[in-house]
Structures are given as C-alpha cells and as structure tokens.
Amino acid sequence: MRHAVRLLVLAFVGLVVLPVGSASATATHLAQADDRPVVRVGTEGVYPPFSFHDAKSNKLTGFDIEVIKAVAKKAGWRLKFVETQFDAIFAALEAKRIDVIANQVTFNPERDAKYGLGTTYTYSRGVIVVKKGTKGIKTLKDVKGKTAAESTTTSWADVARKAGAKIQAVEGFSQAAALVVQGRADLLINDNIAALDYLNTTGRDDIQIVGNAGDEVSKQVLAFRKGDPRLEESNKALAALKADGTLKKISEKYFKTDVTVENTGKVDVSGGREVRSDTQVVKDAAWPMLKKLLIVTIPLTIVSFAIGLVLAIGAALARISGSRVLSAIARAYISIIRGTPLLLQLFIVFYGLPEIGIDLDPWPSAILALSFNVGGYAAEVVRSAILSVPKGQFEAASTIGMGYWQSLRRIVFPQAARTAVPPLSNTAISLLKDTSLVSVVLLTDMFRQAQLAGANAQIYLPIYVVAGFYYWFVCVGMATFQGRLETRLNRFVAR
C-alpha cells in the first residue's frame, strides 16, 4: 500500500516537473540565440484602437503596441507580449509575471506611489457614454446613484465611484458598451478615443457620447515596478521618439492628430478599422478559435485529467487505507479542493506561490491547479467505485496467494473502472469547460480567443455561438468515447 502511494506521488511530481524543465531548456536556447534582454509586456488585446488583434492576420496591434515596440527598438529590448484582463494586469506586474504595462495606464497619485510610472505618451479626456435617448445624464453630477459599467481597477472606475455611481464590473470597453446598449447599465465612463473608435467601428447609432467626465486631461503612461531600471530606459527612449517625430507619426496613423502632446487637435478615427458584417466576423474568428482549441484547450484537458486521475487514485487509496495519517491527509486535500473555487486555486498557484519562491510558468501553473482540482473531485468517485466491488473479490484473490496491491491491480481496479467511467467522464467534460478560466494565468485558450474576437469586432452573439459549438462538438466526442469504453469494460464486471 505504501509503495503504491509513493509511486503515485513520484509519477505526479515527474509529470509536473518535466514540463517545467523542458520549458526552461527551450527558454535557455532562445536566450542564446538573441542576447537582448527580454521585456514582458502586459496588455489587454481587447482595447481598440490601443491594443487589439487585426481581423485579417489576428496579430496583436494598436497604438500602444506600436509605441512599446518603438521604445523597445530604441532601448535594445526583445519584447514578449502577455495578454490578460485589465483587472488582473497589475497583479501580474506585482507577481513579476510581466515587466511593463502598455495599455493606456492613466497616471494618478495612488499608482505613482506604488508603481514606477513613466513619462506621459498620450493625452486624452474622459467622456460619458449612454444609450441613445437617455435623459438626465450629461455631466458627472448626474451619475450619482446610477450604474456605470467599468473595469474595476481602471481610473475611469475611480472617476465613476467618486461621482457616486454604482460600479458594474466588466472586462473591457466593449463589454461595458454592450451593457449600456442592453440597458443593464446606465452609462460608462472611458477614454474619448476608445469611445470614438467603438462608434466608428460598429457603426452603431444606439449609443452616444453626451459629455466630458470633468475638465481634467488624462495622462497615459507605461507602468513598471518600483525601482526597475528599465523605467529610465523607457523614459529616454520616449524622449528620443518624441524628438525624432516617431510618436507623432504613430499617433497620426491612428488618430489623424498628435495625441502625444496635450493641446491636440480633434481625434479622427474614421480611417481606422473597417465595419465588418457578422458573417465576416465569424469567418475571421473561426480558425484562430479552432487553433486554440486544438493546441491549448484539448491538450490542457488531457494532461490535467491524466495527472488528476493519478492524484484521485492516490487520495482514494489513502482514504480507504488503515493509516489514520494518510486518511486524514486525503480528507483534508479533498475538503480543501471541493471547498474552494477553481478560480481561486488558479490565482493561488500563479500569483500566490511566487511569494514563497515557487515561480511556475503559465502552462505548468494551469496544469497544476487543474490537476489538483480534478484529483479532489475524482477521488471520491474512485473511492466509491473501489468500495462497490464485493469484498468477496478480495477474499477470493487472497486465497490464491495475491497480495493487497496485486488484488487491487488485477481484480478490483478492472471491475471498479466500469463503475467509475460515467462519473469520471462527467469530471473530464467539466474540466474541458473549466479550462476557460486559464486566461487569468496568462494563457490564451479557445474561450479567451473568442473574447478577443468579440471585443475587437464589438460583436458577441455569433462569436460565442461558435465557441459553444466547438465545446459541444468535443463533449459529444468525449461522450461517444465514454460509451465505447463502458462497453469494453463490461467484460471485467462479475455477474
């Protein structure tokens, strides 16, 4: 029994450590090929025209992206872009998952005290956006008691709070606009450039800008950790880019004016991204979503389920063992996993463990959290399946000289497997859908790709229908495999 548990633990450790080791080896090889320092850039990828994906190439682009690329060229950096929700982007910076945020971070005293904020590279104004025909909301004084759709950690959310609005949390501008159009929020406050881009791209006439969110000019900066020497490097690069006209050139490409100076002209985004039909949006998004399904979602599900099943068997054997210590450990593990949300577990593994020196990359972090989650839920399934085998099977095995572990492996497990397959299949199917949460650990899975496509096109229903079809299709395949596996295992059931 003890040897079995040890083997299971060693197998789990090996499966977790090997991917980390191979990833480190790959990173070392790449570093030798290019000796420039790697700077990880945190950005949303869903905040046009500053950070978004091109509809045709699916490449990350936008004003902020071009600015940080120009800075990197001057400073001699090699960039690696990391996309995540804005509400998680500062946590990623603090946990050293990224090195700089390039996503229209607004300067304010609170942020300046906590982070290393660079020199201003964009000036803009906040505007109030409401559904067309809304009366009684034109200035900040009118938003008191109203519901504002905002990303909770943005400066615009702070503006709305200070004005007395109730905050409805969203991931980005396009979701906020959708809530306003649907009447689920009264207003949103955001950058005037982002609002103008939304109106131009969607061609919508059911939403409108009704006024400025105060008279103060908003200043956007690059955000680093305090004391990071790359802050000074970026400031020098920005000064050089402003002096040689590069910043002005990038700005005029997107806005027909220079937003890198305070007294700018009128922003014009009419020559920007084209308005696409729903059919074209789905066509452009279908392959990138399928690609992420094949290279991220499905592999993540398979690997995490395999490791989780090993953990589940180990925990189940510990629960039914005669050792009080092993049984207590297994009970505690199962209780903790089932008593906490998977999202919290992902945050603890990815953002919490680095505080105690355990720093895993996104893939190992996701696999670790998902595997432990599966193990906690599947352990009771495996235990009940083992206990469903009549005790007489153990006794019969012992009479022919089989030991405890040999009896489990040759007699009990084959019969228990038939009973365990249906609930374990449900666990696997749930795991497939739970992978939609891994974007919080900076992985772009199929659902995150759908969010990117929907946000960039400002269209949701067709994109999410396609995402739902992809999930459903895979789940049907898993259910079919379950049926065949049950039929095959029927031969092990004692009758």
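The values are calculated or read from the model by the stated rules, or taken from the named source; none is laboratory data. Quick caveat, the model's predicted, so the values are computed rather than measured. With ideal geometry, Cβ positions are generated from the backbone for all residues, glycine too; neighbour counts draw on all protein chains shown.
So how many residues does the stretch 454-470 have that are of a type outside the set (A, V, I, L, M) and modelled with pLDDT under 80?
Going through the stretch 454-470 one residue at a time, the tally reaches 2.
Is it fair to say residue 127 is surrounded by fewer than 23 Cβ atoms within 10 Å (Cβ to Cβ) and in contact with a strand residue (DSSP E or B) (Cβ under 8 Å, 6 or more places away or on another chain)?
For residue 127, the condition - surrounded by fewer than 23 Cβ atoms within 10 Å (Cβ to Cβ) and in contact with a strand residue (DSSP E or B) (Cβ under 8 Å, 6 or more places away or on another chain) - is met.
Return only the number of the condition from (1) over 19 Å from the mean Cα position of the chain (by Cα); (2) buried (at least 17 other Cβ atoms within 10 Å of the Cβ) that residue 349 does not satisfy.
Of (1) over 19 Å from the mean Cα position of the chain (by Cα); (2) buried (at least 17 other Cβ atoms within 10 Å of the Cβ), only one is false for residue 349: (1).
Quick one: would you say residue 400 is out of contact with any Lys or Arg (no Cβ under 9 Å at 6 or more places or on another chain), surrounded by fewer than 17 Cβ atoms within 10 Å (Cβ to Cβ) and free of Cβ contacts under 8 Å to residues at least 40 places away in the same chain?
yes
Given (1) out of contact with any Leu (no Cβ under 8 Å at 6 or more places or on another chain); (2) surrounded by fewer than 23 Cβ atoms within 10 Å (Cβ to Cβ); (3) under 30 Å from residue 72 (Cβ atoms); (4) not charged (D, E, K, R), identify the lone condition not met by residue 119.
Of everything listed in (1) out of contact with any Leu (no Cβ under 8 Å at 6 or more places or on another chain); (2) surrounded by fewer than 23 Cβ atoms within 10 Å (Cβ to Cβ); (3) under 30 Å from residue 72 (Cβ atoms); (4) not charged (D, E, K, R), residue 119 misses just condition (1).
Exactly one of (1) under 21 Å from the mean Cα position of the chain (by Cα); (2) under 29 Å from residue 347 (Cα atoms) is unmet by residue 54. Its number?
(2)
From (1) modelled with pLDDT under 90; (2) crowded, with 21+ Cβ neighbours inside 10 Å, pick out the condition that doesn't hold for residue 447.
If we test residue 447 against (1) modelled with pLDDT under 90; (2) crowded, with 21+ Cβ neighbours inside 10 Å, just (1) comes out false.
With the condition kept exactly as written, say whether any residue in the stretch 66-73 is in contact (Cβ under 8 Å) with a residue 24 or more places away in the chain, surrounded by 21 or more Cβ atoms within 10 Å (Cβ to Cβ) and not hydrophobic (A, V, I, L, M, F, W, C).
Checked against the condition, which is being in contact (Cβ under 8 Å) with a residue 24 or more places away in the chain, surrounded by 21 or more Cβ atoms within 10 Å (Cβ to Cβ) and not hydrophobic (A, V, I, L, M, F, W, C), the stretch 66-73 yields no hits at all.
Evaluate the following for residue 16: is it farther than 25 Å from residue 122 by Cβ and either in contact with a Pro (Cβ under 6 Å, 6 or more places away or on another chain) or at pLDDT 50 or above (or both)?
Criteria not met by residue 16.
Out of 430, 388, which single residue is surrounded by 13 or more Cβ atoms within 10 Å (Cβ to Cβ), closer than 30 Å to residue 92 by Cα and either in contact with a helix residue (DSSP H, G or I) (Cβ under 9 Å, 6 or more places away or on another chain) or modelled with pLDDT under 85 (or both)?
Matching residue, one of 430, 388: 430.
Tell me, please, whether a residue that is over 21 Å from residue 193 (Cα atoms), of a type in the set (Gly, Ala, Ser) and assigned by TED's automatic domain parsing to the domain that holds residue 224 can be found in the stretch 95-111.
There is at least one residue in the stretch 95-111 that is over 21 Å from residue 193 (Cα atoms), of a type in the set (Gly, Ala, Ser) and assigned by TED's automatic domain parsing to the domain that holds residue 224.
Report yes if some residue within the stretch 272-280 is hydrophobic (A, V, I, L, M, F, W, C) and either surrounded by fewer than 16 Cβ atoms within 10 Å (Cβ to Cβ) or at pLDDT below 95 (or both); otherwise report no.
Yes: the stretch 272-280 contains one or more residues that are hydrophobic (A, V, I, L, M, F, W, C) and either surrounded by fewer than 16 Cβ atoms within 10 Å (Cβ to Cβ) or at pLDDT below 95 (or both).
Inside the stretch 364-383, can you point out the residues that are farther than 19 Å from residue 419 by Cβ, of a type in the set (Ser, Thr, Tyr) and in contact with a Ser or Thr (Cβ under 9 Å, 6 or more places away or on another chain)?
Within the stretch 364-383, just 371 meets the criteria.
What's the number of the only condition in (1) surrounded by 22 or more Cβ atoms within 10 Å (Cβ to Cβ); (2) within 30 Å of residue 359 (Cβ to Cβ) that residue 420 fails to meet?
Residue 420 satisfies all of (1) surrounded by 22 or more Cβ atoms within 10 Å (Cβ to Cβ); (2) within 30 Å of residue 359 (Cβ to Cβ) except (2).
Could you figure out which of (1) under 18 Å from residue 234 (Cα atoms); (2) among the hydrophobic types (A, V, I, L, M, F, W, C); (3) surrounded by fewer than 22 Cβ atoms within 10 Å (Cβ to Cβ); (4) over 18 Å from the mean Cα position of the chain (by Cα) isn't true of residue 105?
Status for residue 105: all satisfied but (3).
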